[in-house]
2 protein chains.
Amino acid sequence: MEYKLKAIALDVDGTITDETRRVCVNAVNVIHRAENEGVPIIFVTGNVICAAKIIAILLGTTGGLVAENGGVIESQGKIKILGNITECQKAYEFLKSKFEVTNVELSDQRVSEVAIERTITEELVKETINDFNVVVYDTKFAIQLTDPSVNKGSSLKMITTDLGIKTDENLAIGDSENDIEFLRVSDVKVAVNNAADELKDIADYITEKSYDDGVAEAIERFIL
Amino acid sequence: MEYKLKAIALDVDGTITDETRRVCVNAVNVIHRAENEGVPIIFVTGNVICAAKIIAILLGTTGGLVAENGGVIESQGKIKILGNITECQKAYEFLKSKFEVTNVELSDQRVSEVAIERTITEELVKETINDFNVVVYDTKFAIQLTDPSVNKGSSLKMITTDLGIKTDENLAIGDSENDIEFLRVSDVKVAVNNAADELKDIADYITEKSYDDGVAEAIERFIL
């Protein structure tokens, strides 16, 4: 089957990086090649926008950015905050009153959601803040309390619309639970071999290799 | 001559990246190899600390960080603000009253210095704000107004001290005028082939190759 894919939506931590968040050479190479072929890459990450922008600059990607799990985007050079942090902060304060929890680094820059260290399980967080209108993700790097009205998928659609592309013309590659929505809105849904089971369940294709090798495998198969 | 170099101090923009600020595979590879050999890398950059931290995470470096041209450091996991922004802001306001100048992106995160777009020459900036106690650098990516009591060299020394290393036990590689001080305090002073003339003048070694290829050449020659 021939694919006419026009963009690549790519998670960062655990997808183009290894488990220590270090980017690997295979990912750098295949990203450069895709961009050179005119297929823009859109990073879709739980990181803050400052971090996402630096990653995009360092890797030379041009498609735009989804940061803070959809809470913040950069599209056509403009940054927009889409998620409302208020309820997340209330939920976090409540959680803090019950358990020892801490914000992750750079939390003062997080503008649309709250991210906490994984010193507590996702299940216990969900149970404790059940009455708050907040969606909880465990990304394996942090536990994130997010505005339900935004997610990686809804925000990716805004970026592809601005690029003049439909999301069902893009390839999506991820590794975590919070990548489900942006894979769902995409044409070709890829989970890297190290991905969480919930993501593999909805993927069209699970790579044989892990981390950046999985990314290279998928991009070479479907794009290059 | 055998070198017993214990750390590598490395500029980012124009040194491990190309002129578009994109990191290249040769730099990624040689950085991984040096860290695997137990030679920590310290990034020494004009970027803000958030950006520097992400670069360090993405590239897997462990030596610490000099950000904002020495105005902010991260050493042994702790962030310290060393530069005083007040005089820089006054100088900037004065400059703005005379010419059309704009802050670079992410300027709200800059805490110890002011960085402006290169829509004005370094000479004109220096001339205009001559009465202010500020040092001006043109890094080829921005023009930076900085606190004279800190620079990349003085801040690098703080980090190497915390690592238990003397700066005359490290290799330093840079490309710009604002890298002079940290090369000066280091044992082996390398300018990449694309470096500014003022830096080449004080270097022990100018690489034959440019950008990341120059970094690979220097690290392979002096460390690996």
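The values are calculated or read from the model by the stated rules, or taken from the named source; none is laboratory data. Values in this document were obtained by computation on a predicted structure and should not be read as measured data. Glycine gets a Cβ as well: all are built from the backbone with ideal geometry, and neighbour counts include every protein chain shown.
Here are a few things to note about the model shown:
- B:Val39 vs. criteria assigned to a loop (DSSP other than H, G, I, E, B) and surrounded by 16 or more Cβ atoms within 10 Å (Cβ to Cβ): yes
- Residue match in segment A:164-171 (condition: closer than 19 Å to A:Ile16 by Cβ and within 17 Å of the chain's Cα centre (by Cα)): yes
- With respect to (1) within 13 Å of the chain's Cα centre (by Cα); (2) of a type in the set (Val, Ile, Thr); (3) more than 13 Å from chain A (Cβ to nearest Cβ), the lone exception for B:Val39 is condition (1).
- Of all residues making up segment A:201-217, the number that are touching a helix residue (DSSP H, G or I) at 6+ places or on another chain (Cβ under 7 Å) and acidic (Asp, Glu): 3
- Selection status of B:Glu198, surrounded by fewer than 22 Cβ atoms within 10 Å (Cβ to Cβ), in contact with a helix residue (DSSP H, G or I) (Cβ under 6 Å, 6 or more places away or on another chain) and farther than 22 Å from A:Leu58 by Cα: yes
- Among the numbered conditions (1) within 14 Å of another protein chain (Cβ to nearest Cβ); (2) charged (D, E, K, R); (3) in a loop (DSSP other than H, G, I, E, B); (4) in contact (Cβ under 8 Å) with a residue 24 or more places away in the chain, the only one that B:Glu105 does not meet is (4).
- Considering segment B:59-92, and only residues there that are among the hydroxyl-bearing types (Ser, Thr, Tyr) and surrounded by fewer than 18 Cβ atoms within 10 Å (Cβ to Cβ), the residue that is nearest to B:Thr160 (Cα to Cα) turns out to be B:Thr62.
- Test: residue in segment B:43-50 that is within 23 Å of B:Val125 (Cβ to Cβ), modelled with pLDDT under 95, among the β-branched types (Val, Ile, Thr) and part of a loop (DSSP other than H, G, I, E, B): yes
- Among the numbered conditions (1) touching a residue at least 24 places away in the same chain (Cβ under 8 Å); (2) closer than 20 Å to A:Glu217 by Cβ; (3) within 11 Å of another protein chain (Cβ to nearest Cβ), the only one that A:Arg22 does not meet is (1).
- Among the residues of segment B:74-90, at least one is closer than 27 Å to A:Thr15 by Cβ, touching a helix residue (DSSP H, G or I) at 6+ places or on another chain (Cβ under 8 Å), modelled with pLDDT of 95 or more and charged (D, E, K, R).
- Checking B:Tyr205, B:Tyr211 one by one, the residue that is more than 15 Å from the chain's Cα centre (by Cα) and among the aromatic types (Phe, Trp, Tyr) is B:Tyr205 and no other.
- When residues of segment A:79-111 are limited to those that are over 19 Å from the mean Cα position of the chain (by Cα) and among the basic types (Lys, Arg), the one nearest to A:Ile143 (Cα to Cα): A:Lys96
- Count of segment A:59-71 residues which are away from chain B (no Cβ under 11 Å), part of a loop (DSSP other than H, G, I, E, B) and closer than 26 Å to B:Gly14 by Cβ: 1
- No other residue among A:Ala7, A:Ala91, A:Ala56 is over 20 Å from A:Ala216 (Cβ atoms) and either away from chain B (no Cβ under 14 Å) or without any contact (Cβ under 8 Å) to a residue 60 or more places away in the chain (or both) apart from A:Ala91.
- Residue satisfying condition, being part of a helix (DSSP H, G or I), of a type in the set (Val, Ile, Thr), within 23 Å of B:His32 (Cβ to Cβ) and within 14 Å of chain B (Cβ to nearest Cβ), within set A:Val12, A:Val30: A:Val30
- Any hit, segment B:77-87, residues being part of a helix (DSSP H, G or I), small (Gly, Ala, Ser) and away from every other protein chain (no Cβ under 14 Å): no
- Meets criteria (out of contact with any strand residue (DSSP E or B) (no Cβ under 9 Å at 6 or more places or on another chain), crowded, with 19+ Cβ neighbours inside 10 Å and in contact (Cβ under 8 Å) with a residue 40 or more places away in the chain) for B:Val44: no
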